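Bear in mind these aren't lab numbers, they're just calculated from the coordinates by the rules spelled out. Computed from a prediction, not measured in an experiment: that's the story for all the values here. No Cβ is skipped: glycine too gets one built from the backbone with ideal geometry, and neighbour counts run over all protein chains shown.
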Amino acid sequence: MKAQYSVLVKPSVSSATAKILKRFVYPSHSWQVLRRLGGRRDVRKALDDPQLKLYSEILPGDFLHYGFFDDVNTSPDLISIRDLQRAQLRYAEELLRHVQDTTTPILDAGCGMGGLTGQMLRAGWHPMALTPNQAQIEYVRSMYPSLPVFHGKFENLPVEKYGGGFGTVVMSESFQYMKLNSALFTVMQVLRPGGRWIICDYFRTSANAGRKSAHAWSAFEEALRETKMKLVFERDITPNVLPTLAYVHMLGERLATPLVNFVIAKLRKKRPAIHYVLEEVIEELRAYMLDQLQIVNPTEFARDKKYMLLVVERA
């Protein structure tokens, strides 16, 4: 019995390696591997629920944006969870103070977990939440059962139903995911004359930027000139969001990276055969982690992007 117990608790290297190889050699397991590789998008969507739960537990308030620090020189090693919460509230305050028409419906296009929507409801305004994310729409519905919602992309908003129906359209870190011309067309359709389109998001400023996330600032300016809309307010808030990026980058460098390296080193020492089998995968994961860490590198971000708070009015 003792020998059996030790096998259950501490499997042999040969047994573990055989199980790994079995996943690739046996036809039924090979199909499962290929199916999972082909369904990575489905897996990523399935991860939304635990991610939302994690965000809501770490930072109550249901905000997913970068936050706004009034003190742009705030050192990352002095930032607390309370500071991040306050920065996210300040972000919402800076954005929502540009809403002029509070009596007509306001569209929160890309509502995330409903942080801004909740702020508008508590102010007595009339928001409608929109998101293509299934987990987010379910969360928002559970938090605000009577809130009008649209589950889908902003560009797919039915113009025949919502045409000219909003006095304000708000996009908080959601415009970057939309197709530029389609988004502008839909804004023109759903905004009533004199209505406001409020954007708080980052744009690419470097033509040589390696990452193509977000719209190029020059392309946005050119596309906007071709519409019947006018940019009435423009503020570069890049310095105000950099403390959040610096904080996340610091955590990655000081905690996540050393922890991952420690686990890999332990695996190499304690299970050399398993480490050998997974070595290439491990290195790919390590490279991916370092690449993701560079995304929140404040120096790289400030070099290639700028974070803008914009107010556009329809003629």
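Based only on the alpha carbon positions, what is the Kirkwood hydrodynamic radius of the range 131-268, in angstrom?
Details: mean 1/r = 0.0549 Å⁻¹.
Hydrodynamic radius (Kirkwood, Cα only) of the range 131-268 equals 18.2 Å.
How much length is gained if the chain between residue 161 and residue 142 is pulled fully straight, taking 0.36 nm per residue apart and subtracting their Cα-Cα distance, in nm to one decimal?
4.4 nm
If you filter the range 90-196 for trypsin sites (Lys or Arg not before Pro), then keep DSSP loop positions with at most 13 other Cβ within 10 Å, what is left?
97, 179
How far is it, in nm, from the label point at residue 189 to the one at residue 206 when both lie 7 Å from their Cα along the line to the Cβ?
Placing both labels 7 Å beyond Cα along the Cβ direction yields 3.7 nm.
Give a quick list of GluC sites (Glu not before Pro) in the range 156-246 that DSSP marks as loop, anything other than H, G, I, E or B, with at most 10 other Cβ atoms within 10 Å.
Filter output for the range 156-246: 226.
For a Förster distance of 35 Å, can you work out the FRET efficiency between the beta-carbons of residue 255 and residue 228, rounded to the nearest 0.05?
0.10
Please go through the residue pairs 161/305; 266/306; 269/305; 161/306; 228/305 and name each one whose alpha carbons sit more than 32 Å apart in this structure. Intermediate results must be reported in sequence, preceding the final value.
On the way: 161/305 36 Å; 266/306 41 Å; 269/305 42 Å; 161/306 35 Å; 228/305 26 Å.
Long pairs (Cα-Cα over 32 Å): 161/305; 266/306; 269/305; 161/306.
Under 15 Å between alpha carbons, and skipping anything fewer than 8 positions from residue 270 in its own chain: which aspartates and glutamates qualify?
Within reach: 279.
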